[in-house]
Amino acid sequence: MKYVLVTGGVVSGLGKGVTASSIGVVLKACGLRVTSIKIDPYLNTDAGTMSPFEHGEVFVLDDGGEVDLDLGNYERFLDVTLTRDNNITTGKIYQSVLDKERRGDYLGKTVQVVPHITDAIKTWIESVSLIPVDGKVGPADVCVIELGGTVGDIESMPFIEALRQLSFSVGQENFCLIHVSLIPVLGVVGEQKTKPTQHSVRELRALGLTPHLLACRSAQPLLENTKEKLSQFCHVAAGNILNIHDVPNIWHVPLLLRNQNAHHSILQQLNLLSIAMPPDLRDWTKMAETYDNLTNSVRIAMVGKYVGLTDSYLSVVKALLHACVACSLKPSIDWIAASDLEDDSAKLTPEAHAAAWETLKNAACVLVPGGFGDRGVKGMILAAKYARENNVPYLGICLGMQISVIEFARSLLSLERADSTEFDEHTPNPVVVFMPEGSRTHMGSTMRLGSRRTLFQTPDCITSKLYHNSEYVDERHRHRYEVNPDVIGILEEAGLKFVGKDDSGRRMEILELPSHPFYVGVQFHPEFKSRPGKPSALFLGLILAATGQLETYLDRHPNTS
C-alpha cells in the first residue's frame, strides 16, 4: 500500500479536505485506485452528537457511520463508498485500546500512549486502507490520509507520532507527505509572507516528519520569489511547491494540481511512474468550465435552523449544485432562518420577518432540510403551507417531510394540535412519533441510520419516474421520529399519498401530493448520494419543477430502468 498523508499548518479551515480529495481525483485520473482515511483528533467517538453550528453537517455513510463532512467530499470527488472505519477519531482509538486493556490483552503491562495508542493507530490505518471502496475486488493502490486540525495541536500528537512510525516502517517510496499551509498577504505591505509556513514546516520536521510537497493556499497565485524562499527555508524542491490559490469553484482544484504536475511529483515519490498513465481529466475540465460559463440561475428558498453556517447543510448545497448544473443553471440559494417566518418574529424583529417572507415569495422552489429539536418548526410549517397552497415546488427532507405531514393534518384535517411527539409529548394528534428501535437515553448512533431500502407503492408517481421507474431505491437515513402509521389512512383519504414505504409497510419513506405540481417529502437523505455529473433524482426533480421542465423531462425518460 502506498500512502499520501495530507497535514495542515498555520490555521485550520484551509481546505485540507478539498485538497486531499483533489489529490485523489488526479491520482485516479492516472489510472490508480484510490481510497481515503480522515483522522479527526477530537475525543468524540464520531461526529453524530456534535452541533452543526460548531462542526458543520454530519455526513452519513451506507453502513450507518456518522462521520466528518470531509468524507462527503471524498465520496463526491472520488465516487467511492466509504465505511465508518475510514473516519478515525481519538475517541475510537482510545476506546479500542481501553477495551483491550479491560479484557487483559496487554498481559499486565502498563498501557501507554507509546506504544499502545500509536500501534492501534497504525494497525487501524493499515487494515482500513485495504478495504475496497470502489466496488472492485482487492485493495486500492493509494490511500490518501487527511490529518484533521493543525500541526502542533496537543490532541493530534499521538497521530503525528504514529504516522512518523508508519512512514519509517513502510519505507520512503511508499509514503508521501503533503503539507497544506497558508501564505498570507499583509494589507499595507502587499507582500506574500512565508514565515508562518516556515514555522509550520519546522514544527513538522521537529516531530520527525519531512514534507515532500507543500500545497500553499493563497488568494493570488504565488510569485516566483515566494516559491524560491519557501524552497530554501523549508527544504522542499521548488517544483514540489504547489499553489492552490482561490478559484471560481472547487472543481478547478484537481485541474490546478494537474497543471502544476503535482501528480508527477507524487508518483515519483511513490515510485509509481512506471504503472501510471497521464491524467485524463477531460470530464472534470468540462464540468468546471461548464459551471463557470453558466449565466442563468434559479432561486431556491432553503428554510432551516442552522442557516448561520452553510457547512451545516453542505451535502444539500452540493446536491442542489449538481442538479442545477445538470439543468444548465447556477443555484441561487436564499437562506431563510425558519424562526424569522414565525408570527412571534413579526412582533420582535419585524424587519427580519418581512425580509424572510419576501425572500420566500420570490423563490422558484422551497426546500426544508433535516434537523433536530423544536426551534424554527413553526416557521417551517408556514413555509410548507405557503408552498402547498401556492403550487410552489417543495422538497421536504427528513424533518422537512414530517413538517409537511403536520401542516397537512392541521390545515386539511382540522387537527389544530397535530404535532410530532418530538415537539409536544402530550399532543392529542401525534402524526409523527418516536420510532421503536431508537434509544431515549443515548444520543450517539441510536437512530435509524445508513442505507435502507424503500419500495415504491405505485409506478405512476413522480418520485418513481425520477428514479427511472425502478421498483425500489436504497437511500441513507438519519432520524429518530417517523410518520405515525395509525394516521396514514385519514391522511391518504384527504389527498396526501405515501408512495414509498419500507419492506414492512409500516415506515413511510416518501410522500407526494398528486394535486400539486411537485410536493414531495422523503424520510431519508437523498443528498448524501448525489455526485457531480450524477445528481440525486429528487433534487433534479425539484429544479426541473422550479423551471417548468419536469413534465418534458419525465416524458423524455420513460421506463429507462
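The values are calculated or read from the model by the stated rules, or taken from the named source; none is laboratory data. The structure displayed is predicted, hence computed values, not measured ones. Cβ coordinates were reconstructed from backbone atoms using ideal geometry, including for glycine residues, and neighbour counts include every protein chain displayed. For the accessible areas, the whole protein counts, side chains as well, though only heavy atoms, and no ligand, DNA or RNA atoms are used. Shrake-Rupley method; radii C 1.70, N 1.55, O 1.52, S 1.80 Å.
Show the residue pairs meeting these rules: Cβ distance below 7 Å; 6+ apart or different chains; first residue within segment 308-334 and at positive phi; second residue of a type outside the set (S, T, N, Q).
Close Cβ pairs satisfying both conditions: S328/L294.
If I183 satisfies every condition in (1) touching a Cys at 6+ places or on another chain (Cβ under 6 Å); (2) closer than 22 Å to V144 by Cα; (3) of a type in the set (A, V, I, L, M, F, W, C) but one, which is the exception?
Among (1) touching a Cys at 6+ places or on another chain (Cβ under 6 Å); (2) closer than 22 Å to V144 by Cα; (3) of a type in the set (A, V, I, L, M, F, W, C), the lone unmet condition for I183 is (2).
More than 30 Å from R453 (Cα to Cα) and assigned by the TED database to the domain that holds M157: does that describe T89?
no
Of the conditions (1) modelled with pLDDT under 90; (2) over 28 Å from the mean Cα position of the chain (by Cα), R448 clears all except one; give me its number.
The failed condition is (2).
Which one of these does L223 not meet: (1) crowded, with 20+ Cβ neighbours inside 10 Å; (2) more than 16 Å from I160 (Cα to Cα)?
(1)
Can you tell me which residue among E289, E358, E351 is part of a helix (DSSP H, G or I), open to solvent by 30 Å² or more (accessible area, probe 1.4 Å) and within 30 Å of V142 (Cβ to Cβ)?
Result: E289 is the single residue among E289, E358, E351 that is part of a helix (DSSP H, G or I), open to solvent by 30 Å² or more (accessible area, probe 1.4 Å) and within 30 Å of V142 (Cβ to Cβ).
Can you tell me which residues in segment 387-405 are free of Cβ contacts under 8 Å to residues at least 24 places away in the same chain and either under 21 Å from D374 (Cα atoms) or among the charged types (D, E, K, R) (or both)?
E389
Looking at segment 71-109, which of its residues are farther than 26 Å from V170 by Cα, part of a helix (DSSP H, G or I) and among the aliphatic types (A, V, I, L, M)?
Scanning segment 71-109 gives a single hit, L98.
With L491, L511 as the choices, which residue is in a helix (DSSP H, G or I) and among the hydrophobic types (A, V, I, L, M, F, W, C)?
L491
So, in segment 226-277, how many residues would count as being in a loop (DSSP other than H, G, I, E, B), of a type in the set (V, I, T) and open to solvent by less than 10 Å² (accessible area, probe 1.4 Å)?
Of the residues in segment 226-277, 1 are in a loop (DSSP other than H, G, I, E, B), of a type in the set (V, I, T) and open to solvent by less than 10 Å² (accessible area, probe 1.4 Å).
Restricting attention to segment 402-432, which residues are outside any strand (DSSP E or B) and touching a Ser or Thr at 6+ places or on another chain (Cβ under 6 Å)?
Hits for segment 402-432 are Q402, R417.
For S200, are the conditions met, namely being in contact (Cβ under 8 Å) with a residue 40 or more places away in the chain, surrounded by 15 or more Cβ atoms within 10 Å (Cβ to Cβ) and under 29 Å from E289 (Cβ atoms)?
Here the answer is no, as S200 does not meet what is asked.
Can you give me the number of residues within segment 154-191 that are exposed (fewer than 12 other Cβ atoms within 10 Å of the Cβ) and touching a helix residue (DSSP H, G or I) at 6+ places or on another chain (Cβ under 8 Å)?
The total comes to 1.
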